[in-house]
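Engineer: This is the structure, below, for whatever I ask next.
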Amino acid sequence: MALLEVIALDARDAVAAQEGGADRVELVADMAADGLSPSTDVVAEVLTATDLPVRVMIRLADGFAPGDLNALLRRTDELRGAGAQEFVLGFLTSGGAVDLPAVTRIVDELDGAPWTFHRAIDHCADRESLRTAIADLPGLDTILTAGATNGVDDGIDILAAEEQGPQQILVGGGLRLDHLPRLRAAGIDAFHIGSAARPQGWESPVSAEAVRLWRKAIDVQAR
């Protein structure tokens, strides 16, 4: 069965995602900055509220530079202390390459925990070089990508043609239901939604019914 991941901002979102048939939650704060690390209180509440796997964002500021690495390491330890066991991260240099020293330092702190390299890949200078550079990092099992900076509409040709590699490709970023047939035909089996799970916008909670619609559409395509 194809994987469906839903962005959650709090426990209510996570519960609705589970009710709608999601397989996993990505937990973030501040979508105005495209998703930052949530508070430890929210992490604990979400982990109590849902049985789903919860991937927690490690990111302290808008953009893809790591910023204060010591602050990132402290936040990583705090999130793990709150019970987080899966994570999302990704950092670039000013030249658009993966910031491998920063990513490696955080990954070392995760001590083998599973994690996703997020849509920083869609803003990098060379996708293939980035994927090669991170391919063997411990715990990395997923790459979240739209194929292009502006989203799946622009990136679907790249996604359909790209080799899968050792990590699961999780498609998200302006993903629509009408993208599914071509993506499934290309062998992609993991999908990530945020605004699509909130028909009333980001100021409203996740809709279990909207998630259910995506679950059904993905399962139909899988058959």
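The values are calculated or read from the model by the stated rules, or taken from the named source; none is laboratory data. What you are looking at is a predicted structure, and each value in this text was computed from that prediction instead of being measured. Because the Cβ atoms are built from the backbone with ideal geometry, glycine has one as well, and the counts that use them run over all protein chains shown. Only protein heavy atoms, including side chains, enter the accessible area calculation; ligands, DNA and RNA are left aside. Shrake-Rupley method; radii C 1.70, N 1.55, O 1.52, S 1.80 Å.
Engineer: Suppose we filter ILE156, ILE121, ILE188 for residues that are among the hydrophobic types (A, V, I, L, M, F, W, C), within 19 Å of PHE87 (Cα to Cα) and in contact with a helix residue (DSSP H, G or I) (Cβ under 9 Å, 6 or more places away or on another chain); which single one remains? Talk me through it step by step, then tell me what you get.
Structural biologist: Numbers: ILE156 fails: within 19 Å of PHE87 (Cα to Cα); ILE188 fails: within 19 Å of PHE87 (Cα to Cα).
Residue meeting the stated conditions: ILE121.
Engineer: Examine the range 128-139 for a residue that is of a type in the set (Ser, Thr, Tyr), more than 24 Å from GLY95 (Cβ to Cβ) and modelled with pLDDT of 95 or more, and state whether such a residue exists. Please lay out each step first, then the result.
Structural biologist: Within the range 128-139, the subset of a type in the set (Ser, Thr, Tyr) is 129, 132.
Next cut, more than 24 Å from GLY95 (Cβ to Cβ) only: none.
Within the range 128-139 (the criterion being of a type in the set (Ser, Thr, Tyr), more than 24 Å from GLY95 (Cβ to Cβ) and modelled with pLDDT of 95 or more), the answer is no, since none of the residues qualifies.
Engineer: What's the number of the condition LEU72 fails, among (1) farther than 13 Å from ALA84 by Cβ; (2) in contact (Cβ under 8 Å) with a residue 12 or more places away in the chain; (3) open to solvent by 10 Å² or more (accessible area, probe 1.4 Å)?
Structural biologist: Every listed condition holds for LEU72 apart from (3).
Engineer: Within the set of pairs 6 or more residues apart or between chains, which connect a residue that is in contact (Cβ under 8 Å) with a residue 40 or more places away in the chain inside the range 143-170 to a residue that is basic (Lys, Arg) and part of a helix (DSSP H, G or I) with Cβ atoms less than 9 Å apart?
Structural biologist: LEU144/ARG119; GLN167/ARG131
Condition check ((1) crowded, with 17+ Cβ neighbours inside 10 Å; (2) basic (Lys, Arg); (3) more than 23 Å from GLY90 (Cβ to Cβ); (4) modelled with pLDDT of 95 or more) across all residues:
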| position | (1), (2), (3), (4) |
| --- | --- |
| VAL6 | yes, no, no, yes |
| ARG12 | no, yes, yes, yes |
| SER39 | no, no, no, yes |
| VAL56 | yes, no, no, yes |
| PHE64 | yes, no, no, yes |
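Engineer: Only residues that are surrounded by 16 or more Cβ atoms within 10 Å (Cβ to Cβ) and charged (D, E, K, R): list them for the range 14-37, please.
Structural biologist: Residues satisfying the conditions are ASP23, ARG24, GLU26, ASP34.
Engineer: Given LEU110, LEU92, which one is free of Cβ contacts under 8 Å to residues at least 60 places away in the same chain, touching a helix residue (DSSP H, G or I) at 6+ places or on another chain (Cβ under 6 Å) and either surrounded by 20 or more Cβ atoms within 10 Å (Cβ to Cβ) or of a type in the set (Phe, Trp, Tyr) (or both)? Working first, answer last.
Structural biologist: Details: LEU110 fails: touching a helix residue (DSSP H, G or I) at 6+ places or on another chain (Cβ under 6 Å).
Only one candidate passes the filter, namely LEU92.
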